[in-house]
Amino acid sequence: MLDHLLDLQSRLSGWVFEIAVEPAAYALGLMDLVEDGQQWLDFAILGLLQLVVAWVVCRPLEAWRPVERWPERSAVRTDILYALVNRLGLLPLIAFVLLSGLQGAWEALLAEYDVLPPTLEQLVPWLRDHPVAAFAAYVVVLDFFEYWRHRAQHGLRWWYALHAIHHAQRQMTFWTDDRNHILDDVLAALWFGAIALLIGVPPAQFPLIILLLRLVESLSHANVRLHFGWLGERVLVSPRFHRLHHGELSAGEHGRNYAVLLPVWDWVFGTADWHRDRFPPTGDPGAPAVLARGGWWRQQWAGLAQLGKALRVRT
């Protein structure tokens, strides 16, 4: 399925580029930017496919067994705006600029010191002849570091000042996955991209990994009364498992269930909450009201204000 989605993404990106981006670049005299435009478009089309897949999978589940029903859904509409901005415009641009620059700087640094760090497949040569196992290994390693990135978001006061936007939502749905401050997204993109470069994730597999992780993350935020049973809860992050992370008593440094894909990390490092029948209200009682009810711009500015306050306070 993922291969078919990537093929569709490639075809759709090429079609949009030929009928819109390339003619516009010619008309505006911006042909020097055509190649960059193609790569940015690839990110945006991939984001569009992620949203479509998330909607197809998650929306029926939310209609089937919702945890909560809200007569007024303005906060959900704000999350939809976050998703559109992040996956179709701003976040693809950030990812392209930051990761491309990071890769160039990294390769220049290695060339200068004549250093070639071993990739995952060099450390485990067996993976070279087993692409499925190699893909799974990349996912596991990246998910391990995503777990620690998520813990850092809660453990560092200045970082949680940004991440609080994500946790302030009291009407959590699958759209909430993209509810983040821009700077928080930048830090996450740098973290993820750096780890992917260090372990040698092949360029062809990188978008597949992104598709997989983002789909699971969207599902884990869904407003659905669903868990995967005793065994399944220990294999894959479920909506119930992650909702406990978003519960009112789990905000800030008191967080639990940090895993993005594999709950084993919470199990191993003692941060797991396995209460299968608990679907608590979500939100951060200590966050300013604007982070829960404000619009996109107000929340972004409030996040910056929170960051400034956190940096001024001595720990």
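If you go through region 175-223 and keep only what is polar (S, T, N, Q) and at pLDDT below 85, you end up with just 205. Taking each residue of region 55-68 that is under 18 Å from residue 83 (Cβ atoms) and looking for partners that are not in a loop (DSSP other than H, G, I, E, B) with beta-carbon atoms closer than 6 Å, six or more apart or interchain, yields 58/174; 58/218; 58/219.
Number of residues in region 63-92 that are over 18 Å from residue 179 (Cα atoms) and either surrounded by fewer than 19 Cβ atoms within 10 Å (Cβ to Cβ) or of a type in the set (Lys, Arg) (or both): the value is 9. Take the residues of region 155-198 that are within 18 Å of residue 258 (Cα to Cα) and among the basic types (Lys, Arg): which is surrounded by the fewest Cβ atoms within 10 Å (Cβ to Cβ)? Filtering first and then ranking leaves 157. Looking across region 119-133, the residues that are of a type outside the set (Ser, Thr, Tyr), surrounded by 14 or more Cβ atoms within 10 Å (Cβ to Cβ) and either in contact (Cβ under 8 Å) with a residue 40 or more places away in the chain or not in a helix (DSSP H, G or I) (or both) come down to 120, 121, 124. Selection within region 227-260: residues that are hydrophobic (A, V, I, L, M, F, W, C) and surrounded by 18 or more Cβ atoms within 10 Å (Cβ to Cβ). The member of this set that is farthest from residue 57 (Cα to Cα) is 251.
Just to confirm my filter: which helices (runs of 4 or more DSSP H) fall fully inside region 239-315 and include at least 3 residues that are out of contact with any Ser or Thr (no Cβ under 6 Å at 6 or more places or on another chain) and over 20 Å from residue 80 (Cβ atoms)? Let's see the steps before the verdict.
Numbers: elements: 239-246, 264-268, 289-293, 296-312.
Where helices (runs of 4 or more DSSP H) fall fully within region 239-315 and carry at least 3 residues being out of contact with any Ser or Thr (no Cβ under 6 Å at 6 or more places or on another chain) and over 20 Å from residue 80 (Cβ atoms), they are 239-246, 264-268, 296-312.
Looking only at region 261-289, how many residues end up being surrounded by 15 or more Cβ atoms within 10 Å (Cβ to Cβ), among the hydrophobic types (A, V, I, L, M, F, W, C) and at pLDDT 95 or above? Going through region 261-289 one residue at a time, the tally reaches 4.
Which of the residues that make up region 185-212 are touching a helix residue (DSSP H, G or I) at 6+ places or on another chain (Cβ under 9 Å) and either without any contact (Cβ under 8 Å) to a residue 40 or more places away in the chain or assigned to a loop (DSSP other than H, G, I, E, B) (or both)?
Residues satisfying the conditions are 187, 188, 200, 201, 202, 204, 205, 206.
Rundown of residues vs (1) modelled with pLDDT under 90; (2) of a type in the set (D, E, K, R), yes/no style:
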residue	(1), (2)
95	yes, no
105	yes, no
123	yes, no
129	yes, yes
139	no, no
151	no, yes
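Within the option set 72, 112, being within 30 Å of residue 172 (Cβ to Cβ), modelled with pLDDT of 70 or more and more than 23 Å from the chain's Cα centre (by Cα) holds for one residue only, 72.
The values are calculated or read from the model by the stated rules, or taken from the named source; none is laboratory data. As the structure is a prediction and not an experimental result, all values here were calculated from the model. All Cβ positions, glycine included, derive from the backbone under ideal geometry; neighbour counts span all protein chains shown.
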